[in-house]
Amino acid sequence: MAQESAKWPQEDVLILAIETSCDETAAAVVKNGREVLSNIIYSQIDLHTLYGGVVPEIASRKHIEKINQVIEKALTDAKVTLEQITAVAVTYGPGLVGALLVGVSAAKAIAFALDKPLVGVHHIEGHICANYIENKELEPPFLCLVVSGGHSHLVMVLDYGRYEILGRTRDDAAGEAFDKVARAIGLGYPGGPKIDSVSGQGDPEAIAFPRAKVGDNVYDFSFSGLKSAVLNYLNGCRMKGIPVSQADVAASFQKAVVDVLTEHSMHALEERGVRKFAIAGGVASNGHLRRALEEACRKRNVAFYRPSPILCTDNAAMIGAAGYYEYCKGVRHGWDLNAVPGLKLGERI
């Protein structure tokens, strides 16, 4: 793999992007990093809801079944042929290893058959780059909060493809905590959207759940204690025969998460003197979080950016955006590209 400073092409660059890191089979065609010509997503949520969460083996098998159909649909909707594609970008980590392998294998086969460049993309980098699609004016540097089912990162985006991680979760990611609490109060899977909906009927001040701080890094997150506090509250109510308000628990839990994410983000903004702030990841579609962060940025006269909800959840358009900037920097992967389930942000393989 080679990498140089970015060289912006004179001709249009069409990226065929593939994303299969978890339970969405997705393909997209993206022009010049910011114009989405197609964005096809096959979601497996209904399938995994039966089990209360994502089953890796089922996800992998469904990816195999759907990958070719999704890619063909993306090309058809974009009105382009494989021969017109400039390069193929694919998520190669982090994620579920079996799921990642399906996308990586498909991307390598297409790139090899067409003799086109192959560009591996970091999944979290894709989430960050989703902000470029609808915010054409956004350019680095800026601060980005990435919150999803498996990740909670506070990241300084120094340049395209250059990141400094200020904080990360020490245990449960925000989305993981949402799923576990939703299951505990009987809402089921996926937890984030259901808690966001139900909490609108509850009192966010009804229950005083804790807001954890990590002593050696003020930017790091910890949500396992909050999750345990919710479970202890529920168990205590059951033991004492006290009725539980599902809406109040959801609202109070959600407010605790939103308070922590907002406080850490604003602290980082002030400490770093940054005037641009963005959010990304599945939890970034949470209405309460979006409103809280937007209001906090408004009070500080900081520009606030957020993708549409469809671009917050896993999709291939964001991989196409990230893939474009990697392509322009000279990143090329060989046929030995493999899935790296534990790939760290900024790590190059």
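The values are calculated or read from the model by the stated rules, or taken from the named source; none is laboratory data. Remember, it's a predicted structure, so these values are computed and weren't measured experimentally. Glycine gets a Cβ as well: all are built from the backbone with ideal geometry, and neighbour counts include every protein chain shown.
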**Message:** Quick check on residue 145: is it at pLDDT 95 or above and under 30 Å from residue 252 (Cα atoms)?
**Reply:** yes
**Fill in**
Of those in the range 315-331 that are over 13 Å from residue 92 (Cβ atoms) and more than 17 Å from the chain's Cα centre (by Cα), the residue surrounded by the fewest Cβ atoms within 10 Å (Cβ to Cβ) is 330
**Asked** Looking at the range 93-109, is at least one residue of a type in the set (Lys, Arg) and not in a helix (DSSP H, G or I)?
**Response** no
**Fill in**
residue 90 passes all but one of the listed conditions (1) modelled with pLDDT of 95 or more; (2) under 18 Å from the mean Cα position of the chain (by Cα); (3) assigned to a helix (DSSP H, G or I); the exception is number (3)
**Asked** Would it be correct to say that residue 58 is surrounded by 14 or more Cβ atoms within 10 Å (Cβ to Cβ) and modelled with pLDDT of 95 or more?
**Response** no
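Has the range 43-52 got any residue that is over 19 Å from the mean Cα position of the chain (by Cα), farther than 24 Å from residue 113 by Cα and aromatic (Phe, Trp, Tyr)?
yes
Each row is one residue, and each column tells you yes or no for (1) under 19 Å from residue 165 (Cα atoms); (2) in contact with a Lys or Arg (Cβ under 6 Å, 6 or more places away or on another chain); (3) at pLDDT below 95.
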{"position": "217", "(1), (2), (3)": "yes, no, yes"}
{"position": "221", "(1), (2), (3)": "yes, no, yes"}
{"position": "228", "(1), (2), (3)": "no, no, yes"}
{"position": "253", "(1), (2), (3)": "no, no, no"}
{"position": "265", "(1), (2), (3)": "yes, no, no"}
{"position": "287", "(1), (2), (3)": "no, no, yes"}
{"position": "296", "(1), (2), (3)": "no, no, no"}
**Filter pass, residue 233 being touching a Phe, Trp or Tyr at 6+ places or on another chain (Cβ under 9 Å) and closer than 23 Å to residue 38 by Cα** = no
